[in-house]
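One structure is given here, and the rest of the page talks about it.
The values are calculated or read from the model by the stated rules, or taken from the named source; none is laboratory data. As the structure is a prediction and not an experimental result, all values here were calculated from the model. Methodologically, a virtual Cβ is constructed for each residue, glycine included, from the backbone with ideal geometry; neighbour enumeration extends over all protein chains shown. Keep in mind that these areas ignore ligands, DNA and RNA; they rest on the heavy atoms of the full protein, side chains included. Shrake-Rupley method; radii C 1.70, N 1.55, O 1.52, S 1.80 Å.
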Amino acid sequence: MSQHTTSSRYHRYGKCGSLLSPLALAICLAVPAQAQVLEEVIVTAQKKSESLQDAPIAISAFTSERLEQMGTSTAADIGNFTPNAVIAPSFGSSNNIRATIRGVGTAEPSLAIDPKVGIYLDGVYIARNAGAIFDIVDLERVEVLRGPQGTLWGKNTTGGAVNLVTSKPAEEFGFKQQLSAGDFGYFKSVTTVDTGRHGDVSARVSYMRRETDGWATNYNPQSEKDLGSEDVEAVKFSVRWDVTDNFAIDYGYDQTNSSAVAMPVQVASVNSFAAANPAINTIALRPFAAPAFYDVGNVFTQMAALANNHDRLDKFYMDGTLPEHVDIKGHNLTMTWNVGDVELRSISAYREYDSKGLGLDLDGGTYTGTLFNNPLYGFQSSNVKSSQQASQEFQMLGELLDGDLDYVVGLYYFEEDGREDNPWIISFWVPTFGPSNIQNIGTWGNWFEMESQSQAIYGQFTYDFTDRLALTVGMRYTEDEKSLVISQRDPGILFDQKDSEDWDKFTGAVTLAYALTDDINVYGKVSEGYSAGVYNPG
C-alpha cells in the first residue's frame with residue numbers, strides 16, 4: 001500500500017516579492033523593473049556578527065520584514081523559500097518537523113532519533129524533530145545554513161542548520177498589532193509591546209493566537225470533523241539588563257500551546273495481490289491484547305475501493321483521527337561580557353516538551369468486517385511523549401595579530417531525557433485463518449525511555465592574508481553517550497530491556513575566501529559533519 005499526504009497554502013496578497021496568487025504575480029511581473037538598493041543583512045552564522053555578503057557560507061537569510069511579507073511563524077514556513085531545502089510538518093502531526101537540506105535529513109519524530117538538520121533558537125539547540133514546529137513569536141531573522149556544520153554548530157548537522165533569532169527589547173516604548181485572515185477559517189493575531197528602557201532594564205512581550213478549521217472534512221461522527229485544523233497560542237517574553245557598559249544579561253522565555261488535528265492521509269494505491277481476494281482474512285494486532293483479535297474480512301480490498309492517486313480529496317470518513325495536544329516551554333539565559341577586544345558569552349537553556357496524540361488514522365477510511373460487521377483496522381496509532389533538555393555553552397570571541405586573526409572558541413554541554421508510548425493497531429493479510437498464523441508475533445509499537453548526553457570543545461580561526469584573501473580553519477571534538485530502556489509497559493516483554501553506548505568524533509572545516517571586488521566574493525570550502533549514533537526502538 002502506498003500513501004500520499006495533501007497540503008494547502010493560504011493565499012496572502014501583497015507587493016511584489018511577497019507570497020502572491022498567480023494572478024497577482026502576473027501583474028507584478030508586468031510592471032517595469034526599477035533599480036533597488038539592497039539593505040545590508042547582518043548574520044551570526046559563524047557565531048559573530050558579519051555581513052551576509054562577506055560570510056563564506058552557503059546561506060539563505062531572511063530579515064524580519066521579509067518574514068512578515070512571507071507570513072511565516074514557524075521553522076516549517078521557511079522551506080518554501082530556501083533553495084535545496086525541504087522543511088515541512090511530518091506525517092501525522094502539525095508540531096513535528098521533517099527537514100532535509102541537500103538531500104540529507106530525516107522525517108522520524110521518535111524521541112530516540114536525532115535529526116540531521118539542526119534547529120537552533122537564539123543559539124540553543126532543539127534536540128528533536130518532535131515539537132520543533134513551535135510558533136516563534138517575534139522573529140528578527142532566520143538563517144538557513146546548507147551543508148555540514150560540524151565545527152561551530154556541532155553534532156547532528158550533517159545536512160545543515162536553521163538558526164532562528166528573535167527580536168530583542170527596544171530602547172523606546174512601542175506597541176504593534178497584526179491581524180491576518182484567510183481561507184478555511186484562518187485567523188492570526190500578534191500583539192507586541194516594548195516597555196522601553198527604564199534605568200538599565202528593558203523588556204518585550206509578544207502574544208500570538210492562530211487558528212484554522214483545516215481544508216478537509218471528516219464525516220465520521222466518532223472522529224474529529226476538521227482535518228488539519230489548528231488552535232495555537234504562543235507567547236515570547238524577553239528582558240535585557242545592562243548591568244554595566246561591558247556586561248549584559250538577556251533572559252528569554254517562550255511557550256507554545258497547540259491543539260491540532262493531523263492532515264488526512266489519502267490512500268493512493270493498494271497492492272493488487274493483497275486486495276484481489278475479499279475472502280483473504282485480515283489479522284489486526286492491538287496492544288494489550290493477548291492473544292491478538294481476528295478480523296474477518298480483507299481490509300485491503302476495502303482500501304482499494306477508496307484509493308485515488310489522481311485527485312486531492314477533501315472529504316473523508318476516518319474512524320481513528322483525534323486531536324494532538326502539545327505544550328512547549330523554553331528558558332534562555334545569555335550573559336555577555338566584553339573585556340577589551342575579547343567577548344565572553346554564556347548561554348544557559350532549559351526546554352520542556354509534552355505531547356498527547358490521542359489518535360492518528362493512517363489507513364484513510366473506516367472499514368468493517370464481512371461476517372460480524374466488527375471494526376476492521378488498517379493502521380492506527382496513538383502517541384504520548386515528553387522530554388526535557390538542558391544545555392550550557394561558553395564562547396570566547398576576539399582578535400589577535402593586530403586584527404589579522406579573529407577566533408571563536410567554545411565549550412558545550414547538553415543533556416536530555418525523554419519517555420514515549422506509541423502503541424499501534426496494524427493489520428496484515430494471511431492466506432489461511434488460524435492461531436498458527438500469529439504465534440510469537442507479539443505487539444507493535446514503542447514504549448521506551450531515553451537519556452542522552454553530549455559535550456564538545458571547538459574553535460574556528462580566520463586569518464586575513466590581505467584585505468581580500470582569508471583562510472578559515474575550524475575544529476571540534478565531540479563525545480556522546482546515550483541509553484535506552486525498552487519499558488515493561490510494552491505488553492510484549494516482562495522486564496525492562498536496557499542498553500547504553502558512547503561515541504566520539506573529531507570534525508574539521510577549511511575555507512579559503514577571496515574578494516574579487518567589493519561586491520563579488522568567491523570561496524572554496526571542505527567541511528565534515530557528525531551525527532551521533534542512535535537507537536531505533538521501533
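Assorted remarks:
- Subset of segment 345-369 [among the β-branched types (Val, Ile, Thr) and open to solvent by less than 30 Å² (accessible area, probe 1.4 Å)]: Ile347
- Test: residue in segment 474-481 that is surrounded by 21 or more Cβ atoms within 10 Å (Cβ to Cβ), on the phi > 0 side of the Ramachandran plot and part of a strand (DSSP E or B): no
- Some residue of segment 85-97 being farther than 29 Å from Gly533 by Cβ, touching a residue at least 40 places away in the same chain (Cβ under 8 Å) and not hydrophobic (A, V, I, L, M, F, W, C): yes
- Taken over segment 509-535, residues that are over 12 Å from Thr478 (Cβ atoms) and surrounded by 13 or more Cβ atoms within 10 Å (Cβ to Cβ) amount to 13.
- Flag not set for Leu227, criterion: crowded, with 21+ Cβ neighbours inside 10 Å, within 23 Å of Ser90 (Cβ to Cβ) and either modelled with pLDDT of 95 or more or in contact with a helix residue (DSSP H, G or I) (Cβ under 8 Å, 6 or more places away or on another chain) (or both).
- Among the criteria (1) open to solvent by less than 10 Å² (accessible area, probe 1.4 Å); (2) modelled with pLDDT of 90 or more, the one Gly123 does not fulfil is (1).
- Within segment 83-93, considering residues that are open to solvent by 20 Å² or more (accessible area, probe 1.4 Å) and not hydrophobic (A, V, I, L, M, F, W, C), the one nearest to Ser180 (Cα to Cα): Pro89
- Scanning segment 365-393 for residues that are within 21 Å of Met318 (Cβ to Cβ) and over 25 Å from the mean Cα position of the chain (by Cα) gives Gly365, Thr366, Tyr367, Thr368, Gly369, Thr370, Asn373, Asn374, Pro375, Leu376, Tyr377, Gly378.
Conditions (1) over 30 Å from Thr462 (Cβ atoms); (2) at pLDDT below 75; (3) out of contact with any strand residue (DSSP E or B) (no Cβ under 6 Å at 6 or more places or on another chain); (4) open to solvent by 30 Å² or more (accessible area, probe 1.4 Å), marked per residue:
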{"position": "Gln3", "(1), (2), (3), (4)": "yes, yes, no, yes"}
{"position": "Ser18", "(1), (2), (3), (4)": "yes, yes, yes, no"}
{"position": "Ala26", "(1), (2), (3), (4)": "yes, yes, yes, yes"}
{"position": "Pro32", "(1), (2), (3), (4)": "yes, yes, yes, yes"}
{"position": "Ala35", "(1), (2), (3), (4)": "yes, yes, yes, yes"}
{"position": "Ile42", "(1), (2), (3), (4)": "no, no, yes, yes"}
{"position": "Glu68", "(1), (2), (3), (4)": "yes, no, yes, yes"}
{"position": "Ala75", "(1), (2), (3), (4)": "no, yes, no, no"}
{"position": "Phe81", "(1), (2), (3), (4)": "no, no, yes, yes"}
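- Pairing residues of segment 373-393 that are acidic (Asp, Glu) with residues that are outside any strand (DSSP E or B), at Cβ distances under 6 Å and at least 6 apart in sequence or on separate chains, gives no pairs at all.
- Picking from residues in segment 485-508 that are open to solvent by less than 50 Å² (accessible area, probe 1.4 Å) and of a type in the set (A, V, I, L, M), the one that is farthest from the chain's Cα centre (by Cα) is Ile493.
- Residue in segment 308-326 that is of a type in the set (Asp, Glu), touching a Ser or Thr at 6+ places or on another chain (Cβ under 8 Å) and surrounded by fewer than 19 Cβ atoms within 10 Å (Cβ to Cβ) present: yes
- Residue check for Gln455: of a type outside the set (Ser, Thr, Tyr), modelled with pLDDT under 95 and open to solvent by 40 Å² or more (accessible area, probe 1.4 Å): no
- One residue stands out among those in segment 88-117 that are under 18 Å from Lys482 (Cα atoms) and of a type outside the set (Val, Ile, Thr): the one that is farthest from the chain's Cα centre (by Cα), which is Ala112.
- No other residue among Arg240, Arg210 is in a strand (DSSP E or B), touching a Ser or Thr at 6+ places or on another chain (Cβ under 6 Å), surrounded by 17 or more Cβ atoms within 10 Å (Cβ to Cβ) and among the basic types (Lys, Arg) apart from Arg240.
- Among the residues of segment 135-162, those that are in a strand (DSSP E or B) and either in contact with a Ser or Thr (Cβ under 7 Å, 6 or more places away or on another chain) or among the β-branched types (Val, Ile, Thr) (or both) comprise Leu139, Glu140, Arg141, Val142, Val144, Val162.
- The residues of segment 391-405 that are part of a strand (DSSP E or B), in contact with an Asp or Glu (Cβ under 9 Å, 6 or more places away or on another chain) and open to solvent by 30 Å² or more (accessible area, probe 1.4 Å), listed by number, are Met396, Glu399, Leu400, Leu405.
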